[in-house]
Amino acid sequence: MKILETKTAPNPRRVRMFMSEKGLLDKAEFVEIDLQKGENLTPEYAARNPMKKVPVLELDDGTCISETMAICRYFEESYPDAPSLLGDTPLEKALVEQWLRWIEFSLSMPTGMCFQHTTGYFKDRMNPIKEWGEECRTMVEKFLHFLDKQLDGREYICCDRFTAADINAFTSVAFARVVDIRIKPEHSNLQAWYERIKQRPSAQV
């Protein structure tokens, strides 16, 4: 198998952390794609993922799977003996999915939009709207406050254990630093959680 990724981008980092937690990093070859040079825009790459995003999982038979959580779901279902990260019981699966949705729409996506619309990193292929980027910054800051309250008295975001919700939130909070969004001093629960996750071996890959 191959994982086509950009190592510094948050979505590929989610997949690597997920695979690391399940002990699967040695199952795939990781191929670096240079987004700034537009290597994801080539016809060859588009044949693997017509949305031209990273990461992409390419199976041995040539089948390609795009979208971070689709890739994670593939590994979760393919290796059931590895630690589960998407929930065991119906309730756990529902709670993890709930938090994945909240994190995606209120943290990960607006962080990405803030980056794209305020830095000009992709100005050669999109029309950055700085005002929208700043509005997304506000959305992220509000969600960090919400997340801090959720973590009051909790080690992890949900299910009383480490799940993909922690992975997705951690990688998004870490990436937000590139647009100068940081955990505020008053968010002590969120800061403590972040430091705990940061110490996990999967956060180093």
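Name the single residue that is nearest to N11 (Cα to Cα) among those in the range 120-171 being modelled with pLDDT of 95 or more and of a type in the set (S, T, Y).
Filtering the range 120-171 for residues that are modelled with pLDDT of 95 or more and of a type in the set (S, T, Y), the one nearest to N11 (Cα to Cα) comes out as T171.
Considering every residue within the range 188-197, establish whether at least one is within 30 Å of G38 (Cβ to Cβ) and at pLDDT 95 or above. It would help to see each step written out before you state the result.
Kept after step one, since they are within 30 Å of G38 (Cβ to Cβ), are these residues of the range 188-197: none.
Checked against the condition, which is being within 30 Å of G38 (Cβ to Cβ) and at pLDDT 95 or above, the range 188-197 yields no hits at all.
For the range 191-202, does any single residue satisfy the condition of being outside any loop (DSSP other than H, G, I, E, B), surrounded by 16 or more Cβ atoms within 10 Å (Cβ to Cβ) and touching a residue at least 60 places away in the same chain (Cβ under 8 Å)?
Yes, because at least one residue in the range 191-202 is outside any loop (DSSP other than H, G, I, E, B), surrounded by 16 or more Cβ atoms within 10 Å (Cβ to Cβ) and touching a residue at least 60 places away in the same chain (Cβ under 8 Å).
Could you please let me know if E5 is surrounded by 17 or more Cβ atoms within 10 Å (Cβ to Cβ), under 20 Å from the mean Cα position of the chain (by Cα) and under 22 Å from K198 (Cβ atoms)?
Here the answer is yes, as E5 does meet what is asked.
Just the residues that are open to solvent by less than 50 Å² (accessible area, probe 1.4 Å) and farther than 15 Å from T138 by Cβ, please, taken from the range 95-111.
Initially, the range 95-111 is screened for residues open to solvent by less than 50 Å² (accessible area, probe 1.4 Å), giving 96, 99-100, 103, 106-108, 110-111.
Of everything in the range 95-111, those that are open to solvent by less than 50 Å² (accessible area, probe 1.4 Å) and farther than 15 Å from T138 by Cβ turn out to be V96, W99, L100, I103, S108.
For V178, only one of the following conditions fails: (1) within 22 Å of R13 (Cβ to Cβ); (2) of a type in the set (A, V, I, L, M); (3) touching a residue at least 40 places away in the same chain (Cβ under 8 Å); (4) open to solvent by less than 80 Å² (accessible area, probe 1.4 Å). What is its number?
So the condition that V178 fails would be (4).
I'm trying to understand the selection: among the residues of the range 112-171, which are out of contact with any Leu (no Cβ under 9 Å at 6 or more places or on another chain) and of a type in the set (V, I, T)?
Within the range 112-171, T118, T119, I129, T138, T171 qualify.
Quick check on the range 184-204. Is at least one of its residues within 25 Å of L25 (Cα to Cα) and of a type in the set (G, A, S)? First the steps, then the outcome.
Of the range 184-204, the ones within 25 Å of L25 (Cα to Cα) are 193-204.
Now narrow it down to the ones that are of a type in the set (G, A, S): 202-203.
Within the range 184-204, one or more residues are within 25 Å of L25 (Cα to Cα) and of a type in the set (G, A, S).
Pairs please, first residue from the range 16-29 and free of Cβ contacts under 8 Å to residues at least 40 places away in the same chain and at positive phi, second anywhere and of a type in the set (S, T, Y) and not in a helix (DSSP H, G or I), Cβ atoms under 8 Å, 6+ apart in sequence or on different chains.
Short answer, once both residue conditions are applied: none.
Could you please find all residues in the range 33-77 being closer than 20 Å to L100 by Cα and either in a helix (DSSP H, G or I) or open to solvent by 50 Å² or more (accessible area, probe 1.4 Å) (or both)?
Matches in the range 33-77: K53, E67, T68, M69, A70, I71, C72, R73, Y74, F75, E76, E77.
Of all residues in the range 85-95, which are free of Cβ contacts under 8 Å to residues at least 24 places away in the same chain and part of a loop (DSSP other than H, G, I, E, B)?
Residues of the range 85-95 free of Cβ contacts under 8 Å to residues at least 24 places away in the same chain: 88-91, 93-94.
Listed by number, the residues that qualify are D88, T89.
Can you find a residue that is out of contact with any Lys or Arg (no Cβ under 7 Å at 6 or more places or on another chain) and within 20 Å of S202 (Cα to Cα) anywhere in the range 39-55? Walk me through it before giving the result.
From the range 39-55, those out of contact with any Lys or Arg (no Cβ under 7 Å at 6 or more places or on another chain) are 39, 42-44, 47-55; that's our starting set.
Narrowing further to those that are within 20 Å of S202 (Cα to Cα): 54-55.
Looking for residues that are out of contact with any Lys or Arg (no Cβ under 7 Å at 6 or more places or on another chain) and within 20 Å of S202 (Cα to Cα), one finds at least one in the range 39-55, hence yes.
For the range 128-167, how many residues meet the condition of being open to solvent by less than 30 Å² (accessible area, probe 1.4 Å) and part of a helix (DSSP H, G or I)?
11
May I ask you to list the residues in the range 168-189 that are part of a helix (DSSP H, G or I) and more than 17 Å from the chain's Cα centre (by Cα)? It would help to see each step written out before you state the result.
Residues of the range 168-189 that are part of a helix (DSSP H, G or I), as a first pass: 168-179, 188-189.
Correct list: S188, N189.
The values are calculated or read from the model by the stated rules, or taken from the named source; none is laboratory data. Not measured: the values here are computed from a predicted model. Ideal geometry is used to build each Cβ from the backbone, glycine not excepted, and the neighbour counts take in all protein chains shown. The accessibility values were calculated without ligands, DNA or RNA, using every heavy atom of the protein model including side chains. Shrake-Rupley method; radii C 1.70, N 1.55, O 1.52, S 1.80 Å.
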